[in-house]
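A short worksheet on the structure shown next.
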Amino acid sequence: MNLARETKTVIWYNYIIMTTNGEVAFTGMYRRDLETPNWHYYETHNGRVIHFRKKHIVYIQGGTIQEVLDNKKEIKTND
């Protein structure tokens, strides 16, 4: 029995999130697994979680096309 876990490579992105109250910049990753109907969650490179109310987000700059595609795949597999 092999109990070794597959290591997952974590890729950090530089994000700038413009909200109705101003701009937030950080290095981190989007946490779709924590998303709720009203909130988006991001984990910073040092392990902190930042949550944004969806209706307050004006735009998000950061990540890559591959990250967006990977998140879309997760949506389909979580249904």
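Just so it is clear, none of the values below were taken in a lab; they were calculated from the coordinates. Computed from a prediction, not measured in an experiment: that's the story for all the values here. As a convention, Cβ positions derive from the backbone with ideal geometry for all residues, glycine included, and neighbour counts pool all protein chains shown.
Residues that are charged (D, E, K, R), surrounded by 11 or more Cβ atoms within 10 Å (Cβ to Cβ) and within 16 Å of Lys72 (Cα to Cα) within the range 24-62 comprise Arg31, Arg32, Glu35, listed in sequence order. Of the strands (runs of 3 or more DSSP E) contained entirely in the range 24-69, those carrying at least 3 residues that are over 9 Å from the mean Cα position of the chain (by Cα) and over 16 Å from Trp12 (Cβ atoms) fall at 49-53, 57-61.
Within the range 9-23, the set of residues being in a strand (DSSP E or B), exposed (fewer than 15 other Cβ atoms within 10 Å of the Cβ) and not hydrophobic (A, V, I, L, M, F, W, C) comprises Asn14, Gly22, Glu23.
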